[in-house]
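**Student:** Handing you this structure, nothing more for now.
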Amino acid sequence: MTKDQQKDDRMEQAVAKKKKRSFWRMMIMTVVLFAGAVTIMQTFDQAGNDGRIEAGDEAPNFKLVTLDGSTLYERDNYEGKGMLLNFWGTFCEPCKKEMPVVQENYATLQDMGVDFWAVNVGETPLRVDNFINDLGVGLDYPILMDTQSEVEGAYGIYNLPVTFVIDGEGNVIEKYEGELTKEKLMELAEKSL
């Protein structure tokens, strides 16, 4: 093999390697561009629907246990009755203020045929139990534990407290963000019927 042949041979090998590198670079760029396009499309899709449940939506089903872990509540099992579904946290001052108001009116809600469920979002049972004991008010309504914030996510909760008014067919009639007063509680209960 002459020097010119060796040089040509090396040149052909270099060109072949370059073509191979170019092919893989093109493949990687295609995958990156495709992933970017998918991400952009998802962002635009979510901009129109941020996952928040609003009036007119069907209330998502969920299963949660009570604070003491003894009872499982499933929202779908309570269709046929009006429901106020309240999301709260121990760190929320308006939540703390509304709990005694709800307790004072819980029997009236039951007489009306309206369930009231209070869903704690993302906290431990110990923390919630200590909070309720510190309230100094015995609570008769169910305190449900969403320790992994799954139900909070399903309902698109961003502010606390928030109460969903759900009719007997499982549809959200109203979403109320803010502290419940006696008047507001009774107004929402009427709407659930």
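**Student:** Taking the condition of being surrounded by fewer than 19 Cβ atoms within 10 Å (Cβ to Cβ) and β-branched (Val, Ile, Thr), how many residues in the range 134-157 meet it?
**Tutor:** Result for the range 134-157: 2.
**Student:** Looking only at the range 102-143, count how many residues are under 18 Å from Leu188 (Cβ atoms) and touching a strand residue (DSSP E or B) at 6+ places or on another chain (Cβ under 7 Å). Give the steps one after another, and end with the answer.
**Tutor:** Taking the range 102-143 first, the residues under 18 Å from Leu188 (Cβ atoms) are 102-119, 141-142.
If we keep only those that are touching a strand residue (DSSP E or B) at 6+ places or on another chain (Cβ under 7 Å) as well, we get 102, 106, 109, 113-119, 141-142.
Selection size over the range 102-143: 12.
**Student:** Is it true that Leu144 is assigned to a loop (DSSP other than H, G, I, E, B) and among the hydrophobic types (A, V, I, L, M, F, W, C)?
**Tutor:** Numbers: assigned to a loop (DSSP other than H, G, I, E, B): no; among the hydrophobic types (A, V, I, L, M, F, W, C): yes.
For Leu144, the condition - assigned to a loop (DSSP other than H, G, I, E, B) and among the hydrophobic types (A, V, I, L, M, F, W, C) - is not met.
**Student:** Quick check on my filter: what residues within the range 158-178 are part of a loop (DSSP other than H, G, I, E, B) and either touching a Leu at 6+ places or on another chain (Cβ under 8 Å) or surrounded by fewer than 18 Cβ atoms within 10 Å (Cβ to Cβ) (or both)? I'd like the intermediate steps shown before the answer.
**Tutor:** The initial filter retains those residues of the range 158-178 that are part of a loop (DSSP other than H, G, I, E, B), namely 158-161, 167-170, 178.
Tyr158, Asn159, Pro161, Asp167, Gly168, Glu169, Gly170, Gly178, listed by residue number.
**Student:** Still on this structure, I have one more. Within the range 75-90, take every residue that is over 20 Å from Asp140 (Cβ atoms) and under 18 Å from the mean Cα position of the chain (by Cα) and give me the one that is surrounded by the fewest Cβ atoms within 10 Å (Cβ to Cβ). Lay out the reasoning, then the answer.
**Tutor:** Quick first cut of the range 75-90, residues over 20 Å from Asp140 (Cβ atoms) only: 76, 79-80, 89.
Subset that is under 18 Å from the mean Cα position of the chain (by Cα): 76, 89.
On the way: Asp76: 11, Gly89: 19.
Filtering first and then ranking leaves Asp76.
**Student:** Go through (1) more than 24 Å from Lys81 (Cα to Cα); (2) touching a helix residue (DSSP H, G or I) at 6+ places or on another chain (Cβ under 8 Å); (3) part of a helix (DSSP H, G or I) and name the single condition Gly138 misses.
**Tutor:** It is condition (3) that Gly138 fails.
**Student:** Given the range 53-135, what strands (runs of 3 or more DSSP E) lie entirely inside it while holding 2 or more residues that are without any contact (Cβ under 8 Å) to a residue 12 or more places away in the chain and more than 20 Å from Gly168 (Cα to Cα)?
**Tutor:** Details: elements: 63-66, 72-74, 82-88, 114-121.
Those strands (runs of 3 or more DSSP E) do not exist here; none qualify.
We did not get these values from a lab; they are worked out from the coordinates using the rules stated. Since the structure is predicted, the reported quantities are computational estimates derived from the model, not experimental observations. Don't worry about glycine lacking a Cβ; one is built from the backbone with ideal geometry, like all the others, and counts go over all protein chains shown.
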